[in-house]
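For reference, the structure is listed below as structure tokens.
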Amino acid sequence: MAHPQPLARSLAVVALGCALATDAGAEDPFSVVCNKTNEISAISINELRRLFTGGIKQWDSGAVVRVGIIPSDVAETKYLAALLGVTTTELLSRIQQQVFKGEMRRPAVLRSSADCIAFARSDPGAVCLADARAALPLEARAVAVR
Amino acid sequence: MPRLRMGLFPRLFGSFLLVVLFSLSSAGYLVARSVREAGFAQVEERLSYEVTMTGQMLASALFAPLAPGDATLQAPIKDLSDAVHTHLSLLTPDGVVVADSEGGTSARAEPERVPADVARALAVGRGSAVSSERGNERLWVAERISRDGQVLGIARASVPTSVIEQRVDAVEKQIAIASLIALGLGVLTALGLSLSIVRPVRRVADAARSIGSGALTTRVEISSSDEIGDLGKALNEMASQLESMLDDLSRGNADMRRVLDTVDQGLVMVAADGRLSEERSARLSEWFGTPAAGACLWDFLGQADHETHDRLYMAWSQLSDSGLPLALLLDQLPKRIRSGARAFDLDCRPVLAQPEVLESVLLVVTDITQRLEGEKRETLHRDVLRVVERAMSDRMGVLEFLQEADDLVAELSAPTTTLVAARRALHTLKGNCAMQGIASIAQLSHEIEERLDETAAFDAADLSALVARWAELREGVLPVLGSPDAIHLHSSVITSAVSALLAGEQRGKLAERMIRWTLPSVDTAIARLAEHARALAQRLDKGPIDVCCETDGTPLQGERWPAFWSAMTHAVRNAVDHGLEHPDERARQGKPELGSIAMSARMLDDELVIQLADDGRGVDWAAVADKLRRAGQPAETREQLTQGLFLDGISTAQEATTISGRGVGMGALRAAVVDLGGRIEIDSGPGSGTTLSCRFPRTAAGAVEWSEPLRRNPGPSELDNRSSATGGHAH
């Protein structure tokens, strides 16, 4: 598969930004979800990028970072890639390379937002993207992206 | 093909060297093979580990099976390959390379081109193979990558076999160097071991040779406690025992030597091939000289006598060449030999290796010269006594015998005597001596006759011995008998003559009476023959016989009558020996048990008739005829047969004995009868006995014309009162 051209990638990011900008003021469709024991309140884009590429391996609480991702071209993954400024494919390849290199733990492979919520309530170090409209249990909570 | 002789050292050294070489080569081969196998196995194991780790890492990383064209992992694979120094590649489950550490990917492989390791990994999870790809040979290891039962792809690792080979070669070089060092050490060890064995063995061998050459004090220095040390100890013990045994043997030999030096017999061992042993008693060398080394018995004992040499050689040759029993062959060896003036008895005692297999013979030689001389003197003494004893009763007869024997010995010694005449003289001498009881000369004469039959010639030594023996006897007898011319008269004869003289007997008659005293008569001669016949019958185990004598006292004048009476002894011996049967045979034939012989001597008309008759088996005329024909003589008429009986060599006896049977005596008798002008007649039939009649003209009895008829006068010469002879003259 051919790698996306830098120009196309830039256009995609711009498009995604525009789309997000048009929805400014409105609620985000997906939110970053983590375990209730995780005391982090907000997370930056850069931190999110590092979380999903193995750059951050441990939360401040001491829990080991465990990324959850739906490895297919779904809305959650697209949203995440857009947040991180890459395409879905680039995101997944990056994750695979990092895991292959041993730079990060293998992400938990999820199939839906429900899986994401369940993953977050069960694992103290879990972090994933779930439908923002979904009700979060007590053991999970959403983290704001700065 | 010559056989290669190798010493112990080259054999041991060679053996050790072979063992070392074989061990090193075997070990080298096995190690090299193991190194190669282990090298490949080790590399394969490392590759397996790397593909396993790669697979595990990939399984963690992949969210889905590898797909053609996915170059996501190209860079990580390259980095990983650089880290582990191994060529790595990733393949889709279909065998399409999606990442390769050496760069580039390939298109989907054809199904039939799928490498063996990949095919095996797809089939069973892991596979390895050596195959040539990309221009060089490589060892490939592939492993299937799966997760949750789903095949994600294939991880593959490879190393060029040349790398493995280089490593193996390096190891093999090290092994080769180590082997060379080991070989050197092995050679040195083999050399040391060989020398450690060979040197002590050589010392033992040198000591054994030294002991063998007689140095029994030689000992081996024992420097080890192993088997060779035991061998040395055993050799030392053996040498000590040998030394001890040799001392004992030396003492025994010295004792034996003293015995051999002092024993009066000749003792020597003779090998089966006749060779004498070195050890012998001193007497043998004293008697026969020192034999040469390896000399044979016959050469040693027969060196001075060819006959002894030949007899010994022939008899000894039979021991090994003949298949006859050993005892019989040993019995045929000469038992007596002469060497110069000495006589020796030989006693051969066999030493058998096994029954009937002769190993050697102990020869015992005894000098019997003195014993024989003693026996000879004793025999001569006995003979002299016997003659003297006979002379006490028949002095005239003994004197006649001596005169006759002197004549016979002289005839034998005369160079002009023919063989026939000499044979008759010898035979007559034998008979007369036997009749007089002179056994030594009778036996010697018989032995000479035996040799004469074999050689048909007189041996000068025999004649010398006979003449010497006779001279010795004669010298012993004559001094006792006094002068032959002296007349010994019985006192009764003198008394009778004196009475006649006093009674006035005529002078002529007195002269006649006195002349008769000087003449022998037939009475005496017949009585002597009768006595001889009786003695002969006893000697021949024919029991007592009845001898009847009838004589008329006819005096006999002339020097040739003694020869006749001597010859008559042959007829008497024939009658007793061949004529009279054994008492048992006579009993079977219905004859009286006692054989009968009648002798008579009477003047009938103008003839003096002397008869000898027996009642024995008679002459076997058929046998006489057969012998005459075989001798080429006529045998048709009774006259021819009768005349044939008097031919030399014709006898009806089966074999000659010391008494008779040679066919010589009757010829001598006829010669004596003819010499006196008489004739001889024989009347005989089968089973009815034989009558021998010798008829002489009156003139043969002498020239004396007697004034009155002959009458018998009993005289002292009457020898046997049992005889019926009643006539005779006093002497």
* To do: Determine whether the range B:218-235 contains at least one residue that is small (Gly, Ala, Ser), in contact with a Pro (Cβ under 9 Å, 6 or more places away or on another chain) and in a loop (DSSP other than H, G, I, E, B).
  => yes
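Could you identify the single residue in B:Ser158, B:Ser213, B:Ser223 that is more than 60 Å from the chain's Cα centre (by Cα) and either at pLDDT 85 or above or open to solvent by 40 Å² or more (accessible area, probe 1.4 Å) (or both)?
Just one listed residue meets the conditions, B:Ser158.
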* To do: May I ask you to list the residues in the range B:273-295 that are open to solvent by 40 Å² or more (accessible area, probe 1.4 Å) and under 21 Å from the mean Cα position of the chain (by Cα)?
  => B:Asp273, B:Arg275, B:Glu278, B:Glu279, B:Ala293
* **Residue among B:Ala622, B:Ala563, B:Ala598 that alone is among the small types (Gly, Ala, Ser), open to solvent by 30 Å² or more (accessible area, probe 1.4 Å), in a helix (DSSP H, G or I) and free of Cβ contacts under 8 Å to residues at least 60 places away in the same chain** => B:Ala622
* Determine which member of the set B:Ala457, B:Ala471, B:Ala511, B:Ala537 is assigned to a helix (DSSP H, G or I), loosely packed, with under 13 Cβ neighbours inside 10 Å and under 50 Å from the mean Cα position of the chain (by Cα). => B:Ala471
* Failed condition for B:Asp248, given (1) surrounded by 11 or more Cβ atoms within 10 Å (Cβ to Cβ); (2) in a helix (DSSP H, G or I) -> (1)
* To do: Can you tell me which residue among B:Leu346, B:Leu402, B:Leu408 is touching a Lys or Arg at 6+ places or on another chain (Cβ under 8 Å), open to solvent by less than 80 Å² (accessible area, probe 1.4 Å), of a type in the set (A, V, I, L, M) and under 30 Å from B:Pro520 (Cβ atoms)?
  => B:Leu402
* Could you please tell me which pairs satisfy a Cβ distance under 7 Å, a separation of 6+ or placement on different chains, a first residue in the range B:364-375 that is in contact (Cβ under 8 Å) with a residue 60 or more places away in the chain, and a second residue that is assigned to a loop (DSSP other than H, G, I, E, B) and surrounded by 15 or more Cβ atoms within 10 Å (Cβ to Cβ)? => B:Val364/B:Gln265; B:Val365/B:Gln265; B:Thr366/B:Gln265
* Qualifying position, being open to solvent by 10 Å² or more (accessible area, probe 1.4 Å), out of contact with any Phe, Trp or Tyr (no Cβ under 7 Å at 6 or more places or on another chain) and more than 14 Å from every other protein chain (Cβ to nearest Cβ), among A:Ala132, A:Ala114, A:Ala140, A:Ala120 -> A:Ala114
* Asked: Which of (1) modelled with pLDDT under 85; (2) within 45 Å of the chain's Cα centre (by Cα); (3) open to solvent by 30 Å² or more (accessible area, probe 1.4 Å) is the odd one out, the single condition B:Gly437 does not satisfy?
  -> (3)
* Structure fact -> Contact list, first residue from the range B:408-435 and touching a residue at least 60 places away in the same chain (Cβ under 8 Å), second anywhere and surrounded by fewer than 16 Cβ atoms within 10 Å (Cβ to Cβ) and part of a helix (DSSP H, G or I), beta-carbon distance below 7 Å, six or more apart or interchain, is B:Val409/B:Val467
* Structure fact -> Reported set for the range B:376-399 where residues are among the charged types (D, E, K, R) and either in contact with a Lys or Arg (Cβ under 6 Å, 6 or more places away or on another chain) or not in a helix (DSSP H, G or I) (or both) is B:Asp394
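Condition check ((1) hydroxyl-bearing (Ser, Thr, Tyr); (2) surrounded by 19 or more Cβ atoms within 10 Å (Cβ to Cβ); (3) modelled with pLDDT of 95 or more) across all residues:
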position	(1), (2), (3)
A:Glu39	no, no, no
A:Ser44	yes, no, no
A:Ser72	yes, no, no
A:Ala75	no, no, no
A:Leu80	no, yes, no
A:Leu83	no, yes, no
A:Val86	no, yes, no
A:Thr89	yes, no, no
A:Leu110	no, yes, no
* Asked: Which condition number does B:Ala32 fail, the rest of (1) touching a Phe, Trp or Tyr at 6+ places or on another chain (Cβ under 7 Å); (2) modelled with pLDDT under 85 being met?
  -> (1)
* Report yes if A:Val99 is open to solvent by 50 Å² or more (accessible area, probe 1.4 Å), in contact (Cβ under 8 Å) with a residue 12 or more places away in the chain and facing chain B (nearest Cβ under 8 Å), otherwise no. => no
* Asked: Restricting attention to the range B:163-172, which residues are open to solvent by 10 Å² or more (accessible area, probe 1.4 Å) and under 23 Å from B:Arg120 (Cβ atoms)?
  -> B:Val163
* Structure fact -> By residue number, the members of the range B:37-62 that are within 19 Å of B:Leu91 (Cα to Cα), among the aliphatic types (A, V, I, L, M) and either open to solvent by less than 60 Å² (accessible area, probe 1.4 Å) or more than 14 Å from chain A (Cβ to nearest Cβ) (or both) are B:Leu47, B:Val51, B:Met57, B:Leu58, B:Ala59, B:Ala61, B:Leu62
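Return a yes/no flag: does the range A:66-75 have any residue that is away from every other protein chain (no Cβ under 14 Å) and not hydroxyl-bearing (Ser, Thr, Tyr). Talk me through it step by step, then tell me what you get.
Going residue by residue through the range A:66-75, those that are away from every other protein chain (no Cβ under 14 Å) are A:75.
Those left that are additionally not hydroxyl-bearing (Ser, Thr, Tyr): A:75.
Yes; the residues of the range A:66-75 include at least one that is away from every other protein chain (no Cβ under 14 Å) and not hydroxyl-bearing (Ser, Thr, Tyr).
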* Asked: When residues of the range B:474-508 are filtered for being surrounded by 11 or more Cβ atoms within 10 Å (Cβ to Cβ), more than 15 Å from B:Ala391 (Cα to Cα) and touching a residue at least 60 places away in the same chain (Cβ under 8 Å), how many remain?
  -> 2
* Which condition number in (1) exposed (fewer than 12 other Cβ atoms within 10 Å of the Cβ); (2) touching a strand residue (DSSP E or B) at 6+ places or on another chain (Cβ under 9 Å) is the one that B:Asp261 fails? -> (2)
* **Residue under evaluation A:Leu91, criteria (1) within 14 Å of chain B (Cβ to nearest Cβ); (2) more than 12 Å from the chain's Cα centre (by Cα), criterion not met** => (2)
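The values are calculated or read from the model by the stated rules, or taken from the named source; none is laboratory data. Predicted model, so just to flag it, every value in this text is computed and none were measured. A quick note on method: Cβ atoms are made from the backbone with ideal geometry, for glycine too, and the neighbour counts reach across all protein chains shown. In case anyone asks, the SASA skips ligands and DNA or RNA and just uses the protein heavy atoms, side chains included. Shrake-Rupley method; radii C 1.70, N 1.55, O 1.52, S 1.80 Å.
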